[in-house]
Amino acid sequence: MGRCALSKACTVFFLIFASVFSFSCKKKIPPRTVNIAIQPSAAFIPLYIARYSNMIENALAPKNVTVVWQDFESGPPMNESLEADLTDIGVIGDVPTVRALSGGADVKLVGIPARGANAYALLASAKNSNFNSFKDMKGKKIATVFGSTGHNFVKKLLEKNGLSFEDIDFINIAASDAERVLKDKSADAVAIWEPNVTRLINKGVAKIVAQGDETDLCGTNGFVVRGKYLADNSDIIFEILNQYAEAAKQLQNLDDRMASKLSLSLNISADQIKSIAQKYDFNIEITDKDIDSLQDTISFLISINNLDNVYYVEKQIDKSYFQKARN
C-alpha cells in the first residue's frame with residue numbers, strides 16, 4: 001500500500017474511532033430525572049412559559065435529564081409530595097413555604113419565584129354599597145382560606161383599623177368558594193389572590209375594598225427543593241432557576257399561542273395575563289425583605305395556633321443558586 005493510501009486509511013480509521021468514542025462517551029452520561037411541581041397561580045406564570053416552551057427540557061437535554069411536570073391545585077399537597085420524596089422542586093406561596101421549611105425538614109429555599117402585595121385583595125360584592133373600604137370591616141362577615149396569606153392579610157387590615165378577629169365574623173372557605181359566598185351573601189367580603197381577583201372583578205361579581213400594599217404584606221412565594229436532591233443535583237436546580245429567569249423576560253412579548261396556553265392554565269382571558277403579571281416582581285433573588293416576610297408568616301401561623309414552634313427561615317436558605325442564575 002502506498003504512503004498516500006496508507007495515510008488516507010489511517011485518517012478514515014481515526015475519524016471512525018473518534019466518532020465511535022465520542023458516541024460512546026455521550027452514552028455514558030447517567031440518566032437523571034427531575035420532578036417539578038407547579039400550581040395554577042399567576043405568581044408562577046414564568047414557570048408555565050418555561051414549561052410550554054420546553055426551555056428547561058432543552059437546557060437539561062445535554063445532561064441526559066428527564067423533566068417530569070407535576071400539577072397540583074395548591075401548596076399543601078405539594079408539600080406532602082416533597083416529604084414523600086416524590087417531588088424534587090416546586091413553587092409555592094408563603095404559608096406552604098414556611099411549612100415546608102419547618103420542623104427541621106430536609107427542604108431548602110433556593111429562590112423567590114415572585115412577590116407581589118397587590119396580587120392580594122379584599123373583595124366585597126359589587127352591589128354592596130355599605131362596604132367600600134377596609135374601615136368598614138367591623139361587624140362584617142369576612143371569608144378567606146384559614147391559615148393562608150389571605151388570612152394573614154385580613155389580620156393586618158384589622159390591626160390597621162384598630163380591630164381584631166373578635167370584631168368580625170370570620171368564615172373559613174376554599175379559594176374556589178369565593179364567588180359563591182359573595183353571590184349568595186354568606187360573606188360580606190372575601191380576601192383572595194390572583195388570578196381570582198381579576199376574574200371576579202371582570203365578571204362584575206366583586207369590587208376591591210383593600211389591596212395588599214395598604215399593609216406591610218409582601219406576598220413572597222418560594223422555590224423549595226428537597227435537600228438530598230439539591231446536594232446530588234445542584235446543576236439541575238441552577239438550570240431550572242436560570243430558565244425561570246429567562247422565561248420571566250418573555251412576559252413583555254407574549255405571542256398569541258403562549259397567551260392562549262397561559263389563559264387555559266390559569267382560567268383567565270389571554271388579555272388579562274399581562275395586567276395580572278404586572279402585579280408581581282419575578283426577580284428570583286432572595287432579599288432581606290423576603291426573609292422578614294416569611295418570618296412574619298411564621299409569627300402569624302403561631303398566633304392562630306397553626307404552627308407549633310418558631311424557627312428561623314434564614315438557616316434553610318441557599319442563596320448561591322439564584323445568584324448564579326441572575327448573573
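The values are calculated or read from the model by the stated rules, or taken from the named source; none is laboratory data. Because the structure is a prediction, the values reported are computed rather than measured. Here the Cβ positions follow ideal geometry from the backbone for every residue, glycine too, while neighbour counts run over all protein chains shown. The accessibility values were calculated without ligands, DNA or RNA, using every heavy atom of the protein model including side chains. Shrake-Rupley method; radii C 1.70, N 1.55, O 1.52, S 1.80 Å.
Some points to look at:
- Cα-based shape type of the range 183-241, given that a ≥ b ≥ c are square roots of the gyration tensor eigenvalues and the cut on a/c is 1.5: prolate
- In the range 80-120, a dipole from Cβ-located charges (positive for Lys and Arg, negative for Asp and Glu) runs towards its positive end, and of Ala117, Val95, Val107 it is Ala117 whose Cα lies farthest in that direction.
- Highest-fluctuation residue, Glu159, Glu83, Glu179 considered, GNM on the chain with Cα pairs under 10 Å: Glu159
- Think of the range 138-177 as having a plus end and a minus end, set by charges on the Cβ of Lys, Arg, Asp and Glu; of Ile173, Leu157, Val145, Leu157 sits farthest toward the positive end of this dipole.
- The stretch between Asp308 and Lys127, if pulled fully straight at 0.36 nm per residue, gains 61.1 nm over its current Cα-Cα span.
- Neighbourhood net charge (12 Å Cβ-Cβ; Lys/Arg +1, Asp/Glu -1) for Tyr280: +1
- Given charges at beta-carbon only (K, R positive; D, E negative), |dipole| of the range 65-125 in Debye: 320
- Close amide H pairs (under 5 Å, H built 1.01 Å from N) link Gln70 with Ile36, Ala37, Ile38, residues at least 5 positions away or on another chain.
- Taking only protein heavy atoms and a 1.4 Å probe, the accessible area of the chain is 50% carbon and sulfur.
- For the range 169-327, the Cα-based Rg and Dmax, in that order, read 18.7, 52 Å.
- When both bridge partners sit in the range 72-227, DSSP labels roughly 75% of those beta bridges antiparallel.
- The range 96-130 versus the range 154-207: alpha-carbon centroid distance in Å: 15
- Among beta bridges identified by DSSP and lying wholly in the chain, the antiparallel ones come to about 55 percent.
- Estimated dipole of the chain in Debye, rounded to 20 [Cβ of Lys and Arg +1, of Asp and Glu -1, Cα centre]: 1220
- Electrostatic dipole magnitude of the range 40-165 [Cβ: Lys, Arg +1; Asp, Glu -1; Cα centre; debye, to 20]: 900
- Relative contact order for the chain: 26 percent, from Cα pairs under 8 Å spaced at least 6 residues apart, divided by residue count.
- Per residue convex hull volume, Cα atoms of the range 85-130, in Å³: 128
- Accessible surface for the range 214-327, divided over its residues, is 49 Å² per residue with a 1.4 Å probe.
- Kirkwood-Stokes translational diffusion coefficient of the range 43-93, alpha-carbon pairs, 4 °C, 1.567 mPa s, µm²/s: 107
- Kyte-Doolittle at least 0.5, axis length at least 27 Å by Cα - qualifying DSSP helices, the chain: 3-27
- For the range 57-144, averaging the sequence separation of C-alpha pairs within contact (under 8 Å, six or more residues apart) and dividing by the residue count gives a relative contact order of 13 percent.
- Hydrodynamic estimate: the Kirkwood radius of the range 258-327 over Cα pairs, inserted into Stokes-Einstein at 37 °C and 0.692 mPa s, corresponds to D of 216 µm²/s.
- Listed pairs Lys135/Lys315; Lys185/Lys279; Lys140/Lys261; Lys155/Lys279 exceeding 31 Å between Cα atoms: Lys135/Lys315; Lys140/Lys261
- Selected from Ala270, Ile201, Gly75, residue furthest toward positive end of dipole (the chain; charges at beta carbon): Ala270
- Rolling a 1.4 Å probe over the protein heavy atoms gives the range 68-145 an accessible area of 38 Å² per residue.
- Among Ile286, Ile29, Ile89: highest mean-square fluctuation, GNM of the chain, C-alpha pairs under 10 Å: Ile29
- Per residue, the convex hull around the alpha carbon atoms of the range 45-176 comes to 149 Å³.
- The candidate values are (i) 1.01; (ii) 1.22; (iii) 1.05; the one derived from this structure for Cα Rg over 2.2 N^0.38 Å carries the label (ii).
- Dimensions of the range 116-261 along the principal axes, based on C-alpha atoms and rounded to the nearest Å, stand at 54, 37, 24, largest first.
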